[in-house]
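Have a look at the structure below before the remarks.
Derivation of every value follows stated rules applied to the coordinates shown; laboratory data play no part. Bear in mind the structure is a predicted one, so any value in this text is a computation, not a measurement. Methodologically, a virtual Cβ is constructed for each residue, glycine included, from the backbone with ideal geometry; neighbour enumeration extends over all protein chains shown.
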Amino acid sequence: MSFNVKDIRKDFPTLAVKIHGQPLVYFDNAATTLKPESVLRALEQYYTTGTSNVHRGVHYLSERATANFEKSRDKVRDFIHAAKSTEIIFTRGTTEGINLVAHGYGRKFLKKGDEILISGMEHHSNIVPWQILCDEVGGNLKVIPLNDDGDIIFEEFEKLLSKKTKFVSIVYISNSLGTINPIKKVIDAAHQFNIPVLIDGAQAISHQKIDVQESGCDFFAFSAHKLFGPTGVGVLYGKAELLNQMNPYQSGGDMISSVTFEKTTYNILPYKFEAGTPNVAGVIALSAALEYIEKVGYDNIVAYEHDLLEYGNKVLSEIPNLRIIGTAREKAAIFSFVLPNIHPHDLGTLVDEDGVAIRTGHHCTQPVMKHFNIPATSRASLAFYNTKEEIDILAKSIIKAMKLFP
Ligand code: PMP
């Protein structure tokens with residue numbers, strides 16, 4: 001498909017919304033992305049004419065919902081290039097995926113004195129579950145330091161790897177810096193010590209093709225809502241040999257094969273990790289989101305967003321005294337920045353008056369703020385439906401706001 005942003009924008013109804021009488025400039029894609037019509041239609045179809053629970057009924061609607069639900073699993077398998085559909089676990093999102101691994105793998109295999117490695121740019125959801133695990137088993141959390149561009153210092157990572165290291169969990173693309181981490185290099189280095197690696201793919205999956213087999217990662221977590229799909233649903237990919245050895249994360253219906261008061265045996269993969277009624281509509285609509293991305297094409301997305309990144313860097317760096325936080329060589333189109341006289345929250349409120357939606361705060365990455373010695377940033381995070389004209393609107397709005405805080 002040839003890439004025409006004007007046509008693409010027509011697929012996203014939210015882009016037609018006016019904010020304070022101005023066209024919406026939606027630059028909060030790292031928090032959540034907008035949804036195309038096809039995703040909305042899939043949700044509507046399920047709730048209007050297709051409502052039924054999955055895996056339990058023999059009646060027509062239940063069988064149809066189950067078929068669509070499982071078709072979606074196959075779609076995810078193909079999309080991230082997993083070997084088997086049984087390696088695709090539906091979750092509530094990235095956070096739940098990471099908790100599942102910390103619980104199911106960590107509590108089973110980690111012991112006192114073991115070390116878990118994360119990086120200095122992790123989202124809180126890739127910090128706190130490991131801290132809790134360390135508290136419980138007596139493990140130690142080690143952190144790969146960052147340099148002032150917002151890259152991990154790879155040599156320090158290599159130094160931290162040792163026989164004590166029992167798990168590595170690292171973000172692919174940082175939500176607050178935009179850094180694209182060299183995950184293949186990280187995975188290869190960890191695997192030399194037979195250490196499993198989880199990749200937090202929450203941001204990465206909307207910006208570039210994911211191939212879990214090529215990367216060799218052991219786990220990969222993402223959320224549908226950051227991928228033009230619905231909220232409340234996500235995916236954890238895990239290698240079957242590891243998932244099979246792990247403890248269930250939650251327990252109850254669907255994750256069992258038999259229950260007596262004396263003993264329960266667990267279901268096979270992937271159901272062992274899917275206790276209770278899942279987000280059926282969400283899973284089905286996720287498949288529509290994946291189809292939409294395939295239609296647009298990752299090659300187009302990467303090339304177009306790279307253009308936006310270069311343009312945004314140029315335009316924002318022309319604003320006097322604006323400091324971009326996160327200047328890694330490999331970056332996604334995420335611009336975090338600070339201004340000398342305006343607190344990010346004030347800036348966020350002022351640009352909102354011009355219809356521009358940015359996010360301000362610590363972006364659930366307080367250690368990143370500490371590293372750069374700042375309380376917060378303003379963040380414009382772009383997607384393939386954004387335009388250079390919208391970047392100009394943001395820049396104009398920032399300059400206007402700066403005049404109020406000379
Ligand atoms: N990791 C990263 C890098 C993120 O950006 C986010 C969401 N901001 C998460 C994890 C958590 O995702 P969710 O809230 O969808 O579980």
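The table for this structure:
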| quantity | calculated |
| --- | --- |
| Segments 193-200, 119-126 sorted - mean Cβ within 10 Å per residue, highest first | 119-126, 193-200 |
| Neighbour-limited loop hits for GluC sites (Glu not before Pro), the stretch 327-406 (at most 12 other Cβ within 10 Å; DSSP other than H, G, I, E, B) | 330 |
| Linear extension gain, residue 2 paired with residue 47, 0.36 nm per residue minus alpha-carbon span | 12.9 nm |
| Dipole moment magnitude, nearest 20 debye, the chain about Cα centre, only Lys, Arg, Asp, Glu C-beta charged | 520 debye |
| Efficiency of FRET between residue 330 and residue 60 - r from beta-carbon atoms, R0 60 angstrom, step 0.05 | 0.75 |
| Length released on extending from residue 306 to residue 277, taking residue separation times 0.36 nm less the Cα-Cα span | 6.4 nm |
| Rh (Kirkwood; distinct C-alpha pairs) - the stretch 275-340, Å | 14.9 Å |
| Förster-model FRET efficiency, 35 Å R0, residue 107 and residue 9, C-beta, rounded to 0.05 | 0.15 |
| Gain on full stretching of the segment that runs from residue 242 to residue 323 - 0.36 nm per residue minus C-alpha separation | 24.8 nm |
| Separation in nanometres of the label points that stand 7 Å from Cα toward Cβ, at residue 160 and residue 209 | 3.1 nm |
| Residue among 340, 162, 22 farthest towards the positive dipole end of the chain, charges placed on Cβ | 162 |
| Inter-label distance for residue 349 and residue 370, nm, one decimal - labels placed 7 Å from Cα along Cα-to-Cβ | 2.9 nm |
| DSSP bridge pairs, the stretch 41-294: antiparallel proportion in percent, nearest 5 | 50 percent |
| Cα lying deepest toward the dipole's positive end in the stretch 41-294, options 198, 247, 232, charges on Cβ | 247 |
| Calculated diffusion of the stretch 144-265, Stokes-Einstein form, Kirkwood radius summed over Cα pairs, 10 °C and 1.306 mPa s, µm²/s | 97 µm²/s |
| Packing-based order for 224-235, 55-66, 356-367, using average beta carbon neighbours within 10 Å, highest first | 224-235, 356-367, 55-66 |
| 20 °C / 1.002 mPa s Stokes-Einstein diffusion coefficient of the stretch 41-294, Kirkwood radius on C-alpha pairs, µm²/s | 114 µm²/s |
